[in-house]
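This report refers to the structure that appears directly beneath it.
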Amino acid sequence: QGQLLESGGGSVQAGGSLRLSCASSESIDSRNMAWFRQGLGRKREMVGLAYRVGGTYYPESVEGRFTISRDNEKNTVDLQMDSLKPEDTDTYYCAADSTDYGDARGTWWRGFYWTTWGQGTQVTVSS
């Protein structure tokens, strides 16, 4: 039952950049880590996945603009967001997966069961 603490959200103009950071209270070296976004009236969307074994995944909506990175020594996961668009405006959440498939907090995305979630940080992009 670890905790994820997010930081770095804010307001920027279109074309600008933000870097979100997620700090875990527990080790992340054995965890897949991801960033999601979801706003009122919008479906949840994964915007970056950092596999525990290495490698990353991005949906088409952000590929080429967002970069997820992890530091297992510091137990942090960052999301660098460049060339931001107004449609990127949303609440962004950090998440970690688990193999405890009985955890009611969990939801399946990209073949992993995401059980630990941050509180969310707001990103606003103005035109």
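Among the candidates Arg44, Arg19, the residue that is among the basic types (Lys, Arg) and closer than 23 Å to Thr107 by Cα is uniquely Arg44.
Checking each residue in the stretch 92-109 for being open to solvent by less than 30 Å² (accessible area, probe 1.4 Å) and free of Cβ contacts under 8 Å to residues at least 60 places away in the same chain picks out Asp103, Gly106. Among the residues of the stretch 18-41, the ones that are out of contact with any Phe, Trp or Tyr (no Cβ under 8 Å at 6 or more places or on another chain) and either among the charged types (D, E, K, R) or over 28 Å from Val53 (Cα atoms) (or both) come to 7 in all. Within the stretch 110-125, residues that are within 18 Å of Gly2 (Cα to Cα) and free of Cβ contacts under 8 Å to residues at least 60 places away in the same chain have Cβ atoms under 8 Å from residues that are among the acidic types (Asp, Glu) and in a strand (DSSP E or B) in these pairs: Tyr113/Asp97; Thr115/Asp97, counting only partners at least 6 apart in sequence or on another chain. Looking at the stretch 13-49 only, could you name the residues that are aliphatic (A, V, I, L, M), surrounded by 16 or more Cβ atoms within 10 Å (Cβ to Cβ) and closer than 22 Å to Gln122 by Cβ? Matches in the stretch 13-49: Leu18, Leu20, Ala23, Met33, Ala34, Met46, Val47, Leu49. Quick check: is even one residue across the stretch 13-22 in contact with an Asp or Glu (Cβ under 8 Å, 6 or more places away or on another chain), without any contact (Cβ under 8 Å) to a residue 60 or more places away in the chain and in a strand (DSSP E or B)? So far as the stretch 13-22 goes, yes, one or more of its residues are in contact with an Asp or Glu (Cβ under 8 Å, 6 or more places away or on another chain), without any contact (Cβ under 8 Å) to a residue 60 or more places away in the chain and in a strand (DSSP E or B).
Open to solvent by less than 70 Å² (accessible area, probe 1.4 Å) and over 14 Å from the mean Cα position of the chain (by Cα), is that true of Ser69? Spelling it out, it is not the case that Ser69 is open to solvent by less than 70 Å² (accessible area, probe 1.4 Å) and over 14 Å from the mean Cα position of the chain (by Cα). Considering only the stretch 61-127, give the strands (runs of 3 or more DSSP E) lying wholly within it that have at least 2 residues that are within 26 Å of Ser11 (Cβ to Cβ) and at pLDDT 95 or above. Fully inside the stretch 61-127 and qualifying: 66-71, 76-81, 90-97, 121-126. When the criteria are applied in full, Tyr57 fails the requirement of being touching a residue at least 12 places away in the same chain (Cβ under 8 Å), over 12 Å from the mean Cα position of the chain (by Cα) and closer than 12 Å to Arg110 by Cβ.
The values are calculated or read from the model by the stated rules, or taken from the named source; none is laboratory data. Please read all numbers here as calculations on a predicted model, not as lab measurements. When we count neighbours, we look across all protein chains shown, and the Cβ atoms used for this are built from the backbone with ideal geometry, even at glycine. Each accessible area value is taken on the protein alone, full model and side chains, heavy atoms only, with ligands, DNA and RNA left out. Shrake-Rupley method; radii C 1.70, N 1.55, O 1.52, S 1.80 Å.
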